[in-house]
Amino acid sequence: MATYHQIPDDEKGYELDLFCVPKHYEEDLDRVIIPHGLIMDRTERLARDIVRDMGGHHIVALCVLKGGYKFFSDLLDYIKALNQNCDKSVPLTVDFIRLKSYCNDQSTNSVKVIGGDELSTLTGKNVLIVEDIVETGRTMETLLSLLSECNPKMVKVVSLLVKRTPRGSGYRPDYMGFEVPDWFLVGYALDYNEYFRDLGHICILNEKAKVKYKV
């Protein structure tokens, strides 16, 4: 069973003026839910758990773009540091894929896979999928189904966030950073129509911003 930090539904978070938030986003956010420092500490622990479990295996780290790029980069930095300083190490190569299932703040019924024709290169390999957030779980289940057709040797999934939602399929990743309520979150590369990727903390998007940045 994956260990994780659970953020309760009644979590009040932190006032924006306690942290450094880009001026251009100050009117768009309700509050900070996960400060950047806490994200980094939790990511470091996930890296330790992955090296403990997968040490000695050659791993292809598969980054789910675009939202996963920041978590992917920081996680790999921690894994590289552990490789240099621990008895166990994880030889790593990297690959990238894009999945699209959102329009504005609503998940669509279909999942668009960009780069799926490249999955055949993962045949016979150990794969670590690195995702920013698992919401209903259906997007990840679609990717795992596609991967299974390529016959990888092993597949593990690490997600920084897992959303607690009644729409969920019941899917849970192998490694989890935080379980969060059913809020629309932005920051740390989580976006709303490509905005807020440059926000360091994970925050709740307010209703005015959903209208302001709607496409």
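Each reported figure results from applying straightforward, stated rules to the coordinates on display, with no laboratory input. Owing to the predicted nature of the structure, the values given are computational and were not obtained by experimental measurement. Cβ atoms come from the backbone with ideal geometry, glycine included; neighbour counts cover every protein chain shown.
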*If you add up the charges near Cys20, with Lys and Arg at +1 and Asp and Glu at -1, over every other residue whose beta carbon is less than 15 angstrom from its beta carbon, what do you get?*
-2
*Excluding residues fewer than 8 places away in the same chain, name every one of the lysines whose C-alpha is closer than 21 Å to that of Lys210.*
Lys12, Lys23, Lys66, Lys100, Lys163
*Rounded to the nearest 500, what is the chain's calculated 222 nm mean residue ellipticity when only DSSP H runs of at least 4 contribute -39500 (n - 2.57) each, over all residues?*
-8000 deg cm²/dmol
_For Ile129, residues with placed amide H under 5 Å, excluding near neighbours_ = Leu62, Lys156, Val157, Val158
*Can you tell me how much longer the chain between His5 and Leu144 gets when fully stretched, taken as 0.36 nm per residue apart minus their C-alpha distance, in nm with one decimal?*
47.6 nm
*asked:* For the pair Arg98/Lys80, report the inter-label distance in nm, with labels modelled 7 Å from Cα in the Cβ direction.
replied: 2.5 nm
*At most 16 other Cβ atoms within 10 Å and a DSSP loop assignment: could you name the GluC sites (Glu not before Pro) in the stretch 122-215 that fit?*
Glu149, Glu194
